[in-house]
Amino acid sequence: MNYNWFVGIDISKNTLDLVLYRRELQKKSPYLQISNNLTGFKTINNWLKEHNAKLQNTLFCMEHTGIYGLDILEFLQNKADCCVESSLHIKRSLGLTRGKSDRIDAYHIARFCYLHKEVHIPDHPDHLIRRS
């Protein structure tokens, strides 16, 4: 698949922090924080439209966080491609970094997704349940 946009999602129990990455934007990549529930998920499509991104050309990437990420994966299933990566793999790929926040983490996940776009295989919620 030819992806033009990459969304990094930092997952927590109550919120999701999203960064919409494109190489040209880098540190100016759009950011969004939403509730980790259906109401929050429904705002993603409007946010993408604001930035001229389309679901079918966007790859969503998140760290494997157990049950907290299953709802967003289920919501995005059949709408967009998603991949779930090991947090250790993402952390080690970054090298030395400064600063730590949910927004920065989402940016790093999105950038990781962009840099490794050729090797990502989209995941589905049923596969993740078996891995957990």
Residue separation between Glu118 and Asn37 times 0.36 nm, minus their alpha-carbon distance, gives in nm 26.1 nm
Zone reached by a paramagnetic label modelled 7 Å from Asn14 Cα along Cα→Cβ, restricted to region 26-49 with backbone N below 17 Å, covers 33-41
Here the FRET efficiency for Leu25 versus Ser87, based on Cβ atoms and R0 = 22 Å and rounded to 0.05, is 0.35
Shape call for region 1-101, from the Cα gyration tensor axes a ≥ b ≥ c (a/c under 1.5 means rounded, otherwise prolate when a/b beats b/c, else oblate), comes out rounded
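Every number in this text was worked out from the coordinates using simple rules, so none of it is lab data. Small disclaimer: the values here were computed from a predicted structure and weren't measured. All Cβ positions, even for glycine, are placed from backbone atoms using ideal geometry, and neighbour counts span all protein chains on display.
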